[in-house]
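Below you'll find the structure, written out as C-alpha coordinates, and then a few comments.
The values are calculated or read from the model by the stated rules, or taken from the named source; none is laboratory data. Everything numeric here is computed off the predicted structure, so don't read it as measured data. So basically every Cβ, Gly included, is an ideal-geometry build from the backbone, and we count neighbours across all protein chains shown. Surface areas here come from the heavy atoms of the whole protein model, side chains and all, with no ligands, DNA or RNA. Shrake-Rupley method; radii C 1.70, N 1.55, O 1.52, S 1.80 Å.
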Number of protein chains: 2
Amino acid sequence: MNLPKSEEQLMQYLWEMERAFMKDLIDRYPEPKPASTTVATLLKRLQKKKAVHFERYGSVREYFPLISKEVYFSKQMNGVIKNFFNNSVSQFASFFTSEENLSDEQLKELQQIVEQQINARKK
Amino acid sequence: MNLPKSEEQLMQYLWEMERAFMKDLIDRYPEPKPASTTVATLLKRLQKKKAVHFERYGSVREYFPLISKEVYFSKQMNGVIKNFFNNSVSQFASFFTSEENLSDEQLKELQQIVEQQINARKK
DNA sequence: AATGTATTTCTACAAATGTAGAATAATAAT
DNA sequence: ATTATTATTCTACATTTGTAGAAATACATT
(Lines give C-alpha, C1' and ligand atoms only; values in the text may rest on other atoms or scores of the structure.)
Protein backbone atom coordinates (compact mmCIF):
# COMPACT_ATOMS: atom_id res chain seq x y z
CA MET A 1 0.00 0.00 0.00
CA ASN A 2 1.69 3.11 -1.22
CA LEU A 3 -0.49 6.16 -0.98
CA PRO A 4 -0.01 9.33 -2.98
CA LYS A 5 1.06 12.42 -1.09
CA SER A 6 -2.32 14.02 -0.71
CA GLU A 7 -3.90 10.85 0.60
CA GLU A 8 -1.01 10.17 2.88
CA GLN A 9 -1.37 13.64 4.34
CA LEU A 10 -4.99 12.98 5.10
CA MET A 11 -4.13 9.64 6.67
CA GLN A 12 -1.57 11.42 8.78
CA TYR A 13 -4.32 13.61 10.21
CA LEU A 14 -6.61 10.68 10.71
CA TRP A 15 -3.96 8.72 12.54
CA GLU A 16 -3.37 11.68 14.74
CA MET A 17 -7.06 12.25 15.45
CA GLU A 18 -7.97 8.58 15.43
CA ARG A 19 -11.53 9.34 14.39
CA ALA A 20 -12.87 12.44 12.78
CA PHE A 21 -15.74 14.06 10.97
CA MET A 22 -15.21 15.89 7.73
CA LYS A 23 -15.29 19.16 9.53
CA ASP A 24 -12.58 18.18 11.97
CA LEU A 25 -10.41 17.11 9.11
CA ILE A 26 -10.84 20.33 7.26
CA ASP A 27 -10.15 22.22 10.46
CA ARG A 28 -6.95 20.27 10.78
CA TYR A 29 -5.58 21.41 7.45
CA PRO A 30 -3.46 24.53 7.53
CA GLU A 31 -4.34 27.50 5.38
CA PRO A 32 -5.01 27.52 2.57
CA LYS A 33 -7.51 24.80 3.29
CA PRO A 34 -8.60 22.52 0.51
CA ALA A 35 -12.18 22.61 -0.70
CA SER A 36 -14.38 20.24 1.23
CA THR A 37 -15.07 18.37 -1.95
CA THR A 38 -11.38 17.76 -2.32
CA VAL A 39 -11.23 16.15 1.07
CA ALA A 40 -14.36 14.22 0.23
CA THR A 41 -12.73 12.91 -2.91
CA LEU A 42 -9.65 11.84 -1.03
CA LEU A 43 -11.77 10.08 1.56
CA LYS A 44 -13.65 8.35 -1.20
CA ARG A 45 -10.47 7.14 -2.81
CA LEU A 46 -9.08 5.99 0.50
CA GLN A 47 -12.22 4.04 1.14
CA LYS A 48 -11.88 2.32 -2.18
CA LYS A 49 -8.34 1.41 -1.22
CA LYS A 50 -9.61 0.10 2.12
CA ALA A 51 -7.43 2.51 3.98
CA VAL A 52 -10.25 4.24 5.83
CA HIS A 53 -13.80 3.49 6.73
CA PHE A 54 -16.51 5.29 8.66
CA GLU A 55 -19.25 4.82 11.12
CA ARG A 56 -22.62 6.40 10.53
CA TYR A 57 -24.12 8.62 13.18
CA GLY A 58 -27.47 9.30 11.70
CA SER A 59 -26.37 10.81 8.49
CA VAL A 60 -22.96 12.08 9.49
CA ARG A 61 -19.96 9.86 9.14
CA GLU A 62 -17.10 9.53 11.48
CA TYR A 63 -14.05 8.39 9.59
CA PHE A 64 -11.25 6.30 10.95
CA PRO A 65 -8.16 4.60 9.54
CA LEU A 66 -8.28 0.95 8.65
CA ILE A 67 -4.53 0.60 8.46
CA SER A 68 -2.31 1.58 11.32
CA LYS A 69 0.38 4.13 11.02
CA GLU A 70 2.87 1.60 12.35
CA VAL A 71 2.10 -0.98 9.73
CA TYR A 72 1.98 1.54 6.95
CA PHE A 73 5.19 3.11 8.07
CA SER A 74 7.08 -0.10 8.47
CA LYS A 75 6.11 -1.17 4.98
CA GLN A 76 7.39 2.14 3.71
CA MET A 77 10.65 1.60 5.50
CA ASN A 78 11.03 -1.89 4.24
CA GLY A 79 10.58 -0.64 0.74
CA VAL A 80 13.20 2.01 1.23
CA ILE A 81 15.64 -0.38 2.84
CA LYS A 82 15.09 -2.93 0.15
CA ASN A 83 15.57 -0.48 -2.66
CA PHE A 84 18.41 1.51 -1.28
CA PHE A 85 20.29 -0.96 0.79
CA ASN A 86 19.77 -4.14 -0.99
CA ASN A 87 17.84 -5.42 1.98
CA SER A 88 20.73 -5.02 4.32
CA VAL A 89 19.57 -3.48 7.57
CA SER A 90 23.11 -2.99 8.74
CA GLN A 91 23.97 -1.08 5.61
CA PHE A 92 20.98 1.04 6.34
CA ALA A 93 22.02 1.47 9.92
CA SER A 94 25.46 2.61 8.98
CA PHE A 95 24.05 5.10 6.60
CA PHE A 96 21.66 6.18 9.22
CA THR A 97 24.38 6.80 11.76
CA SER A 98 26.76 8.57 9.45
CA GLU A 99 28.07 11.98 10.25
CA GLU A 100 25.76 14.01 8.08
CA ASN A 101 22.68 12.23 9.22
CA LEU A 102 22.91 12.10 12.97
CA SER A 103 24.43 14.62 15.29
CA ASP A 104 26.62 13.52 18.17
CA GLU A 105 23.77 13.93 20.60
CA GLN A 106 21.38 12.00 18.45
CA LEU A 107 23.91 9.27 18.08
CA LYS A 108 24.23 9.03 21.85
CA GLU A 109 20.48 8.87 22.13
CA LEU A 110 20.46 6.08 19.64
CA GLN A 111 23.09 4.26 21.59
CA GLN A 112 20.93 4.46 24.69
CA ILE A 113 17.92 3.26 22.84
CA VAL A 114 19.81 0.31 21.46
CA GLU A 115 21.17 -0.55 24.90
CA GLN A 116 17.75 -0.44 26.43
CA GLN A 117 16.29 -2.51 23.69
CA ILE A 118 19.00 -5.11 24.08
CA ASN A 119 18.47 -5.30 27.80
CA ALA A 120 14.74 -5.46 27.40
CA ARG A 121 15.15 -8.44 25.18
CA LYS A 122 17.38 -10.30 27.53
CA LYS A 123 14.21 -10.71 29.59
CA MET B 1 13.29 15.79 -5.45
CA ASN B 2 10.80 13.00 -5.23
CA LEU B 3 10.88 10.72 -8.21
CA PRO B 4 8.06 8.46 -9.30
CA LYS B 5 8.60 4.74 -8.97
CA SER B 6 9.56 4.02 -12.53
CA GLU B 7 12.11 6.80 -12.60
CA GLU B 8 13.46 5.87 -9.22
CA GLN B 9 13.97 2.33 -10.40
CA LEU B 10 15.98 3.55 -13.32
CA MET B 11 18.04 5.77 -11.07
CA GLN B 12 18.66 2.79 -8.88
CA TYR B 13 20.24 1.00 -11.81
CA LEU B 14 22.21 4.03 -12.79
CA TRP B 15 23.57 4.46 -9.31
CA GLU B 16 24.58 0.88 -9.29
CA MET B 17 26.24 1.02 -12.69
CA GLU B 18 27.52 4.57 -12.28
CA ARG B 19 27.50 5.13 -16.03
CA ALA B 20 25.61 3.26 -18.65
CA PHE B 21 24.41 3.17 -22.22
CA MET B 22 20.80 2.57 -23.04
CA LYS B 23 21.58 -1.00 -23.86
CA ASP B 24 23.19 -1.69 -20.52
CA LEU B 25 20.22 -0.25 -18.78
CA ILE B 26 17.80 -2.39 -20.68
CA ASP B 27 19.98 -5.40 -20.00
CA ARG B 28 19.81 -4.55 -16.36
CA TYR B 29 16.02 -4.73 -16.21
CA PRO B 30 14.58 -8.11 -15.32
CA GLU B 31 12.08 -9.81 -17.59
CA PRO B 32 9.73 -8.64 -18.81
CA LYS B 33 11.91 -5.84 -20.02
CA PRO B 34 10.37 -2.52 -20.86
CA ALA B 35 10.39 -1.28 -24.43
CA SER B 36 13.48 0.71 -25.21
CA THR B 37 11.32 3.70 -25.92
CA THR B 38 9.98 3.47 -22.41
CA VAL B 39 13.45 3.68 -20.98
CA ALA B 40 14.22 6.49 -23.38
CA THR B 41 11.20 8.39 -22.14
CA LEU B 42 12.22 7.92 -18.55
CA LEU B 43 15.71 9.10 -19.30
CA LYS B 44 14.28 12.10 -21.07
CA ARG B 45 12.13 12.98 -18.09
CA LEU B 46 15.01 12.48 -15.70
CA GLN B 47 17.14 14.79 -17.78
CA LYS B 48 14.49 17.44 -17.61
CA LYS B 49 14.49 17.05 -13.84
CA LYS B 50 18.27 17.35 -13.82
CA ALA B 51 18.61 13.96 -12.23
CA VAL B 52 20.72 12.46 -14.99
CA HIS B 53 22.88 13.69 -17.78
CA PHE B 54 24.99 12.05 -20.43
CA GLU B 55 28.23 12.26 -22.24
CA ARG B 56 28.35 11.89 -25.99
CA TYR B 57 30.62 9.31 -27.52
CA GLY B 58 30.17 10.03 -31.16
CA SER B 59 26.48 9.58 -31.36
CA VAL B 60 25.96 7.25 -28.43
CA ARG B 61 25.28 8.63 -25.03
CA GLU B 62 26.58 7.38 -21.80
CA TYR B 63 24.20 8.33 -19.04
CA PHE B 64 25.10 9.04 -15.47
CA PRO B 65 23.31 10.29 -12.38
CA LEU B 66 23.52 13.93 -11.44
CA ILE B 67 22.25 13.38 -7.95
CA SER B 68 23.88 10.93 -5.63
CA LYS B 69 22.05 8.06 -4.11
CA GLU B 70 23.15 9.26 -0.69
CA VAL B 71 21.70 12.70 -1.07
CA TYR B 72 18.53 11.45 -2.65
CA PHE B 73 18.10 8.81 -0.03
CA SER B 74 18.71 11.08 2.90
CA LYS B 75 16.12 13.50 1.62
CA GLN B 76 13.68 10.64 1.39
CA MET B 77 14.43 9.63 4.92
CA ASN B 78 14.11 13.13 6.23
CA GLY B 79 10.71 13.33 4.64
CA VAL B 80 9.63 10.09 6.22
CA ILE B 81 10.99 11.04 9.60
CA LYS B 82 9.37 14.41 9.42
CA ASN B 83 6.01 13.05 8.44
CA PHE B 84 5.89 10.04 10.66
CA PHE B 85 7.88 11.04 13.65
CA ASN B 86 7.25 14.66 13.90
CA ASN B 87 10.88 15.29 13.15
CA SER B 88 12.11 13.37 16.11
CA VAL B 89 15.04 11.19 15.11
CA SER B 90 15.02 9.43 18.44
CA GLN B 91 11.38 8.54 18.07
CA PHE B 92 12.29 7.15 14.71
CA ALA B 93 15.21 5.27 16.15
CA SER B 94 13.11 3.66 18.81
CA PHE B 95 10.57 2.61 16.29
CA PHE B 96 13.32 1.35 14.11
CA THR B 97 14.87 -0.77 16.83
CA SER B 98 11.63 -2.23 18.09
CA GLU B 99 11.11 -5.94 18.27
CA GLU B 100 9.17 -6.39 15.07
CA ASN B 101 11.56 -4.37 13.03
CA LEU B 102 14.99 -5.61 13.96
CA SER B 103 16.04 -9.08 14.92
CA ASP B 104 18.38 -9.67 17.83
CA GLU B 105 21.30 -10.11 15.50
CA GLN B 106 20.51 -6.99 13.59
CA LEU B 107 20.20 -5.08 16.79
CA LYS B 108 23.65 -6.26 17.84
CA GLU B 109 25.01 -5.22 14.51
CA LEU B 110 23.47 -1.83 15.00
CA GLN B 111 25.03 -1.59 18.41
CA GLN B 112 28.44 -2.25 16.92
CA ILE B 113 27.92 0.28 14.22
CA VAL B 114 26.90 2.89 16.73
CA GLU B 115 29.90 2.15 18.92
CA GLN B 116 32.24 2.43 16.01
CA GLN B 117 30.70 5.63 14.88
CA ILE B 118 30.96 7.11 18.33
CA ASN B 119 34.61 6.14 18.58
CA ALA B 120 35.33 7.42 15.14
CA ARG B 121 33.96 10.78 16.12
CA LYS B 122 36.00 11.05 19.26
CA LYS B 123 39.00 11.53 16.96
C1' DA C 1 -41.75 26.18 6.98
C1' DA C 2 -37.60 28.65 5.34
C1' DT C 3 -32.81 29.20 5.48
C1' DG C 4 -28.11 28.40 6.55
C1' DT C 5 -24.49 24.86 7.41
C1' DA C 6 -22.20 20.56 6.80
C1' DT C 7 -21.74 16.48 3.80
C1' DT C 8 -21.93 13.59 -0.03
C1' DT C 9 -22.03 12.23 -4.76
C1' DC C 10 -21.05 13.12 -9.48
C1' DT C 11 -18.64 15.02 -12.82
C1' DA C 12 -14.64 17.34 -14.70
C1' DC C 13 -10.22 18.49 -15.91
C1' DA C 14 -5.26 19.45 -15.79
C1' DA C 15 -0.90 17.47 -14.61
C1' DA C 16 1.91 13.58 -13.70
C1' DT C 17 3.04 8.87 -14.54
C1' DG C 18 3.58 4.32 -17.00
C1' DT C 19 4.10 2.46 -21.25
C1' DA C 20 5.16 2.11 -25.97
C1' DG C 21 4.52 2.49 -31.40
C1' DA C 22 6.28 4.97 -35.70
C1' DA C 23 9.70 7.23 -37.83
C1' DT C 24 14.33 8.54 -38.08
C1' DA C 25 19.25 8.54 -37.48
C1' DA C 26 23.49 6.52 -36.58
C1' DT C 27 26.63 2.45 -36.21
C1' DA C 28 28.24 -1.98 -36.76
C1' DA C 29 28.66 -6.10 -39.22
C1' DT C 30 28.59 -8.53 -43.42
C1' DA D 1 26.86 -0.65 -50.15
C1' DT D 2 23.30 -3.29 -47.65
C1' DT D 3 21.39 -4.82 -43.72
C1' DA D 4 20.80 -5.57 -38.88
C1' DT D 5 21.18 -3.37 -34.46
C1' DT D 6 20.73 0.40 -31.31
C1' DA D 7 19.37 4.81 -29.87
C1' DT D 8 16.57 9.03 -30.20
C1' DT D 9 12.71 11.88 -30.90
C1' DC D 10 7.85 12.49 -31.32
C1' DT D 11 3.55 11.38 -30.50
C1' DA D 12 -0.04 8.99 -28.10
C1' DC D 13 -2.88 7.19 -24.73
C1' DA D 14 -4.61 5.02 -20.44
C1' DT D 15 -4.21 5.64 -15.34
C1' DT D 16 -3.47 8.01 -11.38
C1' DT D 17 -3.26 12.05 -8.73
C1' DG D 18 -4.58 16.88 -7.23
C1' DT D 19 -8.21 19.83 -7.02
C1' DA D 20 -12.77 21.43 -7.06
C1' DG D 21 -17.61 23.10 -9.01
C1' DA D 22 -22.65 21.78 -9.24
C1' DA D 23 -26.29 19.52 -7.46
C1' DA D 24 -28.55 16.88 -4.11
C1' DT D 25 -29.20 15.80 0.98
C1' DA D 26 -29.60 16.14 5.66
C1' DC D 27 -29.69 18.82 9.92
C1' DA D 28 -29.94 22.74 12.77
C1' DT D 29 -31.88 26.92 13.73
C1' DT D 30 -34.62 30.80 13.26
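Shape verdict for region B:5-65, please, from the Cα gyration tensor: rounded (a/c under 1.5), prolate (a/b greater than b/c) or oblate. Cα axes put region B:5-65 in the rounded bin. Across the identical copies, the label point of residue A:122 (7 Å from Cα in the Cβ direction) is separated from its matches by 2.1 nm, in order from shortest. Taking 0.36 nm per residue of separation and subtracting the Cα-Cα distance, full extension of the segment from residue B:87 to residue B:5 would add 27.1 nm. Here residue A:55 yields copy-to-copy label distances, from shortest upward, of 6.4 nm, the label point defined as 7 Å from Cα along Cα to C-beta.
Solvent-accessible area assigned to carbon and sulfur over region B:5-65 amounts to 54 percent, based on a 1.4 Å probe. Once you order the gyration tensor axes a ≥ b ≥ c over the Cα atoms, which shape class does the protein assembly as shown get: rounded for a/c under 1.5, otherwise prolate or oblate by comparing a/b with b/c? It comes out oblate by the Cα gyration axes. Among residues of chain B, the one whose beta-carbon sits closest to the B-to-A rotation axis is listed with its distance in Å as B:114, 3. Kirkwood-type hydrodynamic radius, chain B: 17.2 Å, calculated from all non-identical alpha-carbon pairs. Starting from the label point of residue B:78 at 7 Å along Cα→Cβ, the same points in the other copies fall at 2.8 nm, in ascending order. Over chain B, what is the relative contact order in percent, taking alpha-carbon pairs closer than 8 angstrom and at least six residues apart? Taking the mean separation of contacting Cα pairs over the length of chain B, I get 21 percent.
Figure legend: label point modelled 7 angstrom from the Cα of residue B:22 along Cα→Cβ; residues of region B:50-89 with amide N under 18 Å from it are B:52-65. Comparing Cα centroids, region B:4-29 and region B:50-121 end up 19 angstrom apart. Listed by chain and number, the lysines placed with their C-alpha closer than 20 angstrom to that of residue A:33 are A:5, A:23, A:44; residues fewer than eight positions away on the same chain are left out. Measuring with a 1.4 angstrom probe and ignoring ligands and nucleic acids, residue A:103 comes out at about 40 Å² accessible.
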